[in-house]
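Reviewing the structure listed below.
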2 protein chains.
Amino acid sequence: MTYCLGIITRTGLVMAADSRTNAGVDYISTYQKLFDFSVPGERAIILSSAGNLAMTQEVLTLMQRDLKGQAEISLHTLPNMYEIARYIGGKMRQVTDSNRQWLQQDQIDYQCTFLLGGQIRGEGHVLYLIYSQGNFLHATPETPFLQIGETKYGKPILDRTLNYEISATAAAKCALLSLDSTMKSNISVGPPFSMVMYEADSFLVKHRAEFVLGDPFLVKVRKFWETSLRQAFEAMPDIQWHEKLEHPAPMDSPASESVRDDR
Amino acid sequence: MTYCLGIITRTGLVMAADSRTNAGVDYISTYQKLFDFSVPGERAIILSSAGNLAMTQEVLTLMQRDLKGQAEISLHTLPNMYEIARYIGGKMRQVTDSNRQWLQQDQIDYQCTFLLGGQIRGEGHVLYLIYSQGNFLHATPETPFLQIGETKYGKPILDRTLNYEISATAAAKCALLSLDSTMKSNISVGPPFSMVMYEADSFLVKHRAEFVLGDPFLVKVRKFWETSLRQAFEAMPDIQWHEKLEHPAPMDSPASESVRDDR
C-alpha cells in the first residue's frame, strides 16, 4: 500500500509520501513516490502516486519521455496547472487503455491515483487529485488536504489540527504526524518518508526532507507525540457511568421485555 | 457503517459501539448495536454487531427465541464463553445459509461480524471476534482490542494509548476517543454511542454509559482532546529541512539523469 498526502494552505503547499509498495505481504519493496518536476524560478511541480506501480511508473515514464524528447506538450511547456492535471490524466487514460484488457481478464486492480501540487508563474498555487479515470478535483480552503492510498489512519489527526490558515511549517508537522500514525497502524505503509514544503510565489521547492527508518528526528517526534498523547489522555476526565448496582434491567438487549417476562 | 470496539485488560472489559446504520448515504438510521445478555451474578455476556443489519438482527432474534423458549442450548445455558462463541457462529452460519442465494444473486454484501465479551463463573474474562463465516478469534494481552465495522480511523489512538495493563477505566477513555475520532472523520459512524465496562470476576455489568449527540460530557471530552492535541502539536519540534537554496537537483524525479542530460 501507499500513503500520500497533499496539504494546501494560504501560504504554501506540503506534499508527503511513504515509500513502501507491496504485492501481497510477502513482497515488500521500497519505491520513491514523490517526484519533483519543477523548473526553479518558473514553475513548481510536485507529484506523488499511489496504486498499481506498473501503471504509475509507466505514466511517469511517458511524461519523462516527453521532457527528454522536448515534446511540444510536456510538464515544462504547459501554461498552467489545470492543463498539467489534464495532461497527466490523459497519460493515465492512455496507459490504462493499453493495459486494461490484460489486467481485467486476470482481475488485477489497475487503479492508480496522483496528487499534483505546484504553481506556475502567473497563477496561484494549487493541489489536485487525479483519479485513475483521468479526471480530477482540487483542494479548497474548506478541505485543504487530499490523500491517496491508505488514507484512513492518517485522517483523524488532519481533521483535528489542519486548516487553511495555518503556516506551511505547521502543515508539514501535521503531515509528518499523519504519516507516522498511518505507519504505526498499518505495516503496508513505511519509511523512508519523503516530504517537500513549497512556499507560494517562490517558484522554487526549497524545503525537502527524507526520513529513513530510525531517523533521529522521526524517533524524537514519535516519542514526543506519544508522550503528549499519553499526558493528555491521563488528564482526560473520567467517564460518567450510569451505575446500576443490582439487577440491571437488560435494557440493552433487544429481547429485554420478553426475556424479563419469562423469568 | 458501524464502529464497534472491544478492549480486554487484565482487570476487565470495555465494549463500545456507535448506533448509525446506513444503506447508502441517503438512508441513515439509528439502531442499537450493543446488547447485554448477562445473568447478574452468574454470567456477563455483551455483544455488539456490525455488517448487514438484516443478518445481525436475525441472528439476535434466533438467540432471543432460544432464551424465550427456554431452549436447552442458549446464551444462558452454555457452560463457557468458547461454547457461546461457537453457538453465535452457528447462528450466523444458519442465517447466512438461509439467505445467501438470494443476496448473492443481487450482489448484496451479507457479511456481518460480532464482538462477544464477557465471563462465566469458573473461567476468566474473554473477548471474541466472530466472523461472518462463523469462526472466531480472541483478543490476547499482546493485542488487547478487537474492532469491527469502520475500524481504521479509530485504530491510531488505540495503538498509541492502549495496553493490557491499563485500568478498565482508562480503557474506557481510549474507547471513547477511538469512537469520537471515527465519528469526526467518517459521517457513517455517529452517536448515540453506547459503552459498557465490566470488572473481571464481578459477573455483573455495573457500568453503562450512553452518549447522545451533543451530550455535555462528549462535547467536553472532544473539546479537551482537541485542545490537548493542538497544544501538543504547537509544542512539537519543527521539521529539519534540507534547504536547497538554488537549483535543486531534480533528484526526486525518476527522470532526473536524463532530464539533466538534456539541459
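Considering only residues that are among the β-branched types (Val, Ile, Thr) and crowded, with 18+ Cβ neighbours inside 10 Å, look in the stretch B:194-213 and name the one that is farthest from the other protein chains (Cβ to nearest Cβ).
First, pick out the residues of the stretch B:194-213 that are among the β-branched types (Val, Ile, Thr): B:196, B:205, B:212.
Imposing the further condition that a residue be crowded, with 18+ Cβ neighbours inside 10 Å reduces the set to B:196, B:205.
On the way: B:Val196: 8, B:Val205: 6 Å.
Once the filter is applied, the top-ranked residue is B:Val196.
How many residues are part of a helix (DSSP H, G or I) and hydrophobic (A, V, I, L, M, F, W, C) if we restrict to the stretch B:36-56?
3
Name the single residue that is farthest from B:Tyr198 (Cα to Cα) among those in the stretch B:122-142 being of a type in the set (A, V, I, L, M, F, W, C) and buried (at least 23 other Cβ atoms within 10 Å of the Cβ).
Out of the qualifying residues, it is B:Ile130.
Only one residue in B:Ile108, B:Ile73, B:Ile84 is away from chain A (no Cβ under 14 Å), of a type in the set (A, V, I, L, M), over 10 Å from B:Gly134 (Cα atoms) and not in a loop (DSSP other than H, G, I, E, B), so which one is that? Please lay out each step first, then the result.
Values: B:Ile108 fails: not in a loop (DSSP other than H, G, I, E, B); B:Ile73 fails: not in a loop (DSSP other than H, G, I, E, B).
Testing whether each residue is away from chain A (no Cβ under 14 Å), of a type in the set (A, V, I, L, M), over 10 Å from B:Gly134 (Cα atoms) and not in a loop (DSSP other than H, G, I, E, B) leaves just B:Ile84.
For B:Ser185, which of the numbered conditions (1) over 15 Å from A:Ile239 (Cβ atoms); (2) of a type outside the set (D, E, K, R); (3) in contact with a Leu (Cβ under 7 Å, 6 or more places away or on another chain) fails to hold?
With (1) over 15 Å from A:Ile239 (Cβ atoms); (2) of a type outside the set (D, E, K, R); (3) in contact with a Leu (Cβ under 7 Å, 6 or more places away or on another chain) applied to B:Ser185, the lone miss is (3).
Can you tell me how many residues in the stretch A:43-64 are facing chain B (nearest Cβ under 9 Å) and closer than 14 Å to A:Lys91 by Cβ?
Initially, the stretch A:43-64 is screened for residues facing chain B (nearest Cβ under 9 Å), giving A:46-47, A:57, A:60-61, A:63-64.
If we keep only those that are closer than 14 Å to A:Lys91 by Cβ as well, we get A:47, A:57, A:60-61, A:63-64.
Qualifying residue count, the stretch A:43-64: 6.
If we scan the stretch A:123-131, do we find a residue that is in a helix (DSSP H, G or I), more than 29 Å from B:Ala235 (Cβ to Cβ) and away from chain B (no Cβ under 14 Å)?
No - not one qualifying residue is present in the stretch A:123-131.
For B:Gln101, only one of the following conditions fails: (1) modelled with pLDDT of 95 or more; (2) out of contact with any Ser or Thr (no Cβ under 7 Å at 6 or more places or on another chain). What is its number?
(1)
Quick one: would you say A:Gly89 is under 12 Å from A:Tyr128 (Cβ atoms) and modelled with pLDDT of 95 or more?
In short, yes.
Just for the stretch A:143-193: of the residues that are at the interface with chain B (Cβ under 9 Å from one of its Cβ atoms), assigned to a loop (DSSP other than H, G, I, E, B) and not acidic (Asp, Glu), which one is surrounded by the most Cβ atoms within 10 Å (Cβ to Cβ)?
Filtering the stretch A:143-193 for residues that are at the interface with chain B (Cβ under 9 Å from one of its Cβ atoms), assigned to a loop (DSSP other than H, G, I, E, B) and not acidic (Asp, Glu), the one surrounded by the most Cβ atoms within 10 Å (Cβ to Cβ) comes out as A:Gly154.
Before we move on, is B:Pro237 part of a loop (DSSP other than H, G, I, E, B), at pLDDT 80 or above and not aromatic (Phe, Trp, Tyr)? Steps first, answer last, please.
Details: part of a loop (DSSP other than H, G, I, E, B): yes; at pLDDT 80 or above: yes; not aromatic (Phe, Trp, Tyr): yes.
Yes, satisfied.
On the given criteria, is A:Pro250 at the interface with chain B (Cβ under 7 Å from one of its Cβ atoms), out of contact with any His (no Cβ under 7 Å at 6 or more places or on another chain) and modelled with pLDDT of 50 or more?
On the way: at the interface with chain B (Cβ under 7 Å from one of its Cβ atoms): yes; out of contact with any His (no Cβ under 7 Å at 6 or more places or on another chain): yes; modelled with pLDDT of 50 or more: no.
Taking the combined requirement at face value, the residue does not satisfy it.
Within the stretch A:2-35, how many residues turn out to be assigned to a loop (DSSP other than H, G, I, E, B), at pLDDT below 75 and of a type outside the set (Val, Ile, Thr)? First the steps, then the outcome.
Kept after step one, since they are assigned to a loop (DSSP other than H, G, I, E, B), are these residues of the stretch A:2-35: A:2, A:10-11, A:18-19, A:23-27, A:31-33.
With the extra rule that they be at pLDDT below 75, the set shrinks to A:23-27.
Cutting the leftovers down to of a type outside the set (Val, Ile, Thr) gives us A:23-24, A:26-27.
The number of residues fulfilling the criteria is 4.
Which members of the stretch A:194-213 meet the condition of being part of a strand (DSSP E or B) and among the acidic types (Asp, Glu)? Talk me through it step by step, then tell me what you get.
So the first thing to find is which residues in the stretch A:194-213 are part of a strand (DSSP E or B), and the list is A:194-199, A:207-211.
A:Glu199, A:Glu210 - these are the residues of the stretch A:194-213 that are part of a strand (DSSP E or B) and among the acidic types (Asp, Glu).
Hey, could you check the stretch B:1-43 for residues that are polar (S, T, N, Q) and closer than 21 Å to B:Leu75 by Cα and say which is nearest to the chain's Cα centre (by Cα)?
Only one residue fits best here, namely B:Gln32.
The values are calculated or read from the model by the stated rules, or taken from the named source; none is laboratory data. Keep in mind it's a predicted model, so treat the numbers as computed, not measured. Don't worry about glycine lacking a Cβ; one is built from the backbone with ideal geometry, like all the others, and counts go over all protein chains shown.
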